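Peer 1: Below you'll find the structure I mean.
We did not get these values from a lab; they are worked out from the coordinates using the rules stated. Bear in mind the structure is a predicted one, so any value in this text is a computation, not a measurement. Cβ sites come from the backbone with ideal geometry, for glycine too, and all protein chains shown count toward neighbours.
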Amino acid sequence: MAVVLGLDIGTTSTIGILIELPDRIRRLASRAVELRTPHPGWAEEDAMQWWSNVCAITRDLLATSGVAPHDVAAVGVTGMLPATVLLDADDNLLRPSIQQSDGRCGAEVAAMRREWDEGDFIAKAGNGINQQLIGAKLRWIETHEPDVHARIATVFGSYDFINWKLTGRKAIEQNWALEAGFVDISTDALDDRLLRFAHAPHGAVPPKSRSHSILGAVTGAAAAETGLAAGTPVAGGAADLIASALAAGIVNAGDVLLKFGGSVDVLIATSHAAPDPRMFLDYHLVPGLYMPNGCMATGGSGLNWFARTFAGAEASRAAEEGRSVHQHLDGMADQCPAGSDGLIILPYFLGEKTPIHDPAARGVFDGLTFSHTLGHMWRALLESYAYALRHHVEVLNDMGHRTERYIVSDGGSASRVWMQIVADVLQKPVQQLTGHPGSCLGAAWTAAIGAGLTADWSGVSRFVQYGERIEPQSRHAAVYDAGYARYRDLYLRLRDRAPMAAP
């Protein structure tokens with residue numbers, strides 16, 4: 001029996017999966033994660049909560065699946081990137097993680113752009129100078145928390161941290177390193193000049209590892225906490241969005257994955273690197289391929305915030321109906337017309353990443369009147385993320401990429417109302433997946449490859465089936481064309497106003 005454990009260190013939850021090769025999902029388990037926003041635009045989490053979740057999830061999976069610890073042949077960990085996790089010389093956490101969606105670093109980004117021509121930087125690092133870079137976070141800490149910066153001994157990411165807790169070995173996975181702005185794409189190696197540009201303390205960035213390379217083995221201490229067997233191989237790890245794309249079968253040019261998790265992601269597979277400042281560039285998990293992609297600062301996290309803040313009274317009604325509050329709000333939104341009777345929302349609640357890279361951007365409700373209901377506002381929020389997806393698709397096309405087949409995955413893709421809106425805004429069919437557990441599956445398969453249990457990257461598709469193909473409704477094309485034009489124009493008109501002061 002070849003069983004592999006996959007762990008996903010996500011923004012809103014930690015998820016674990018046990019798969020049995022060649023095609024059986026044995027068990028899934030999850031634990032919630034608290035996203036903290038102590039100031040406008042900030043996004044932080046407690047890395048030890050991730051580890052506590054991993055320990056609880058792993059023990060739960062083993063106890064309820066009938067899988068013994070020694071039957072787990074390998075472990076793979078994925079997670080959001082590039083979160084910033086810092087340790088001191090005694091391996092203690094220095095502060096909460098700074099998440100990839102954090103928007104506090106506008107001044108640092110501006111300074112970095114003055115110091116290095118962005119075109120030259122993109123040619124070297126593969127990605128633009130924006131709030132995603134770890135250097136922007138490190139520079140912010142250097143300015144605002146100098147005592148913390150002075151004690152930094154290790155800089156790595158979310159799943160790198162979990163890998164270290166499991167194995168005792170420190171490394172940075174290749175896509176965290178690339179999106180961090182530390183890799184020279186011409187040499188595929190960490191670059192001293194880029195590290196200095198980031199103000200990374202000397203020696204604080206661990207070596208780079210390939211996603212499917214075996215990093216180390218579960219230590220005795222980690223075994224005692226997780227219930228895993230000591231000596232179990234642990235793979236280098238995987239970026240969550242890339243792992244999800246692999247599990248969804250995104251390996252052919254023209255295939256696009258729209259991923260509806262805590263953030264909304266857009267990914268496409270290519271055979272060559274095509275750096276562009278508007279989008280991110282990552283390695284595909286399949287060696288030799290690349291994956292240009294976009295990642296919004298919010299998505300499911302924005303919907304969760306809205307439901308928690310404005311729909312508290314609906315939660316009890318939803319419970320009486322046996323539905324989640326999101327499903328209840330979907331039902332209300334479905335009774336409202338396309339275009340939400342003129343209400344437009346900019347979903348820039350944590351600033352925005354791709355394609356505008358504007359940490360000073362803010363959420364906006366435009367056109368709100370007394371005639372609008374909670375259902376209108378929920379529908380307008382769903383439409384806002386669909387408009388943002390259309391913006392990404394336009395950019396990908398402008399970069400020369402074909403966007404022909406759309407596959408949707410992760411939790412938000414289960415919303416029939418939201419996916420119909422996406423199909424209508426794009427005026428393209430969207431293919432739902434069934435049985436896609438998310439990025440944890442891609443992490444497990446990557447570990448299976450690394451451990452030599454299989455050599456077939458496409459074999460992961462056996463775990464996922466196609467669901468409904470949602471066709472666009474042509475009668476909504478005109479109203480969504482107009483809504484999209486308003487959406488783009490609204491941001492451009494507000495962009496040049498004085499931004500909200502950063503703390």
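Peer 1: Quick one: 3J(HN,Hα) in Hz for region 221-237, Karplus 6.51/-1.76/1.60 with θ = phi - 60°, rounded, Gly and Pro as x.
Peer 2: 5, 5, 4, 5, 7, 9, x, 6, 7, 4, x, 5, x, 10, 7, x, x
Peer 1: For Leu441, Leu494, what's the fewest-to-most ordering of other Cβ within 10 Å of each Cβ?
Peer 2: Numbers: Leu441 29, Leu494 15.
Listing Leu441, Leu494 from fewest to most nearby Cβ atoms yields Leu494, Leu441.
Peer 1: Of Lys170/Lys259; Lys124/Lys428; Lys137/Lys208, which sit over 25 Å apart, Cα to Cα? Walk me through the intermediate numbers first.
Peer 2: Details: Lys170/Lys259 29 Å; Lys124/Lys428 35 Å; Lys137/Lys208 20 Å.
From Lys170/Lys259; Lys124/Lys428; Lys137/Lys208, over 25 Å: Lys170/Lys259; Lys124/Lys428.
Peer 1: What's the whole-number percent of alpha carbon pairs in region 397-489 lying beyond 20 angstrom?
Peer 2: Numbers: 2275 of 4278 pairs.
When every Cα pair of region 397-489 is considered, 53 percent fall beyond 20 Å.
Peer 1: Quote the relative contact order of region 3-241 in percent (integer), defining contacts as alpha-carbon pairs under 8 Å separated by 6+ residues. Don't jump to the answer; show the numbers that get you there.
Peer 2: Working: 519 pairs, mean separation 52.0, N = 239.
Averaging sequence separation for qualifying contacts and normalising by length gives 22 percent for region 3-241.
Peer 1: Then there is this: Which residues' amide hydrogens lie under 5 Å from the amide hydrogen of Asp282, considering only partners 5 or more residues apart or on another chain, with H built in the peptide plane?
Peer 2: The answer is Met291, Asn293.
Peer 1: Sticking with this structure for a sec: Which percent, to the nearest 5, of DSSP beta bridges fully inside region 3-241 are antiparallel?
Peer 2: If I count the DSSP bridges inside region 3-241, around 70 percent turn out antiparallel.
Peer 1: Hey, fewest Cβ within 10 Å first, where do Met1, Met279, Met377, Met399 land in order?
Peer 2: Details: Met1 11, Met279 25, Met377 22, Met399 15.
Ranked by crowding around the Cβ, least crowded first: Met1, Met399, Met377, Met279.
Peer 1: Taking only Cα atoms of region 3-241, what ratio of Rg to Rh do you get with Rh as the Kirkwood inverse-distance radius? Write down the numbers at each step before the final one.
Peer 2: On the way: Rg = 18.0 Å, Rh = 18.2 Å.
With Rh from the inverse mean 1/r over Cα pairs, Rg/Rh is 0.99.
Peer 1: If you don't mind, there's one more thing I want to ask. Arrange Met80, Met291 by Cβ neighbour counts within 10 Å, fewest through most, would you?
Peer 2: Values: Met80 28, Met291 24.
Fewest-to-most Cβ neighbours within 10 Å comes out as Met291, Met80.
Peer 1: Residue-wise, which Karplus ³J(HN,Hα) couplings in Hz belong to region 349-357, taking 6.51 cos²θ - 1.76 cosθ + 1.60, θ = phi - 60°, and x for glycine or proline?
Peer 2: 6, 10, x, 8, 8, 5, x, 9, 6
Peer 1: Using Cα pairs under 8 angstrom and six or more residues apart, how large is the relative contact order of the chain, in percent? Display every interim value, and only then the final one.
Peer 2: Numbers: 1157 pairs, mean separation 85.4, N = 503.
It rounds to 17 percent for the chain.
Peer 1: Tally the DSSP beta bridges in the chain and give the antiparallel ones as a percent, rounded to 5.
Peer 2: About 70 percent, rounded to the nearest 5.
Peer 1: Okay, moving on. What is the extension gain from Glu34 to Asp456, computed as 0.36 nm multiplied by their sequence separation minus the C-alpha to C-alpha distance, in nm to one decimal? Show your work: numbers first, answer last.
Peer 2: On the way: separation 422, 0.36 × 422 = 151.92 nm, distance 3.64 nm.
The Glu34-Asp456 span can extend by a further 148.3 nm.
Peer 1: What is the distance, in nm, between label points placed 7 Å from the Cα along the Cα-to-Cβ direction at Arg151 and at Gln49?
Peer 2: A separation of 2.2 nm, rounded to one decimal place.
Peer 1: Across region 100-109, in residue order, what do the Karplus-derived ³J(HN,Hα) couplings come to in whole Hz, using 6.51 cos²θ - 1.76 cosθ + 1.60 with θ = phi - 60° and x for Gly and Pro?
Peer 2: Those phi angles translate into 5, 8, 5, x, 7, 9, x, 5, 5, 4 Hz.
Peer 1: Further question: Would you pull out the residues with amide H under 5 Å of Lys208's amide H, same chain only if 5 or more places away, H placed 1.01 Å from N?
Peer 2: Ile172
Peer 1: Just to be sure I understand, if you calculate Rg and Dmax of the Cα atoms in Å for this structure, which of (1) 21.7, 63; (2) 22.1, 68; (3) 24.5, 73 do you get?
Peer 2: (1)
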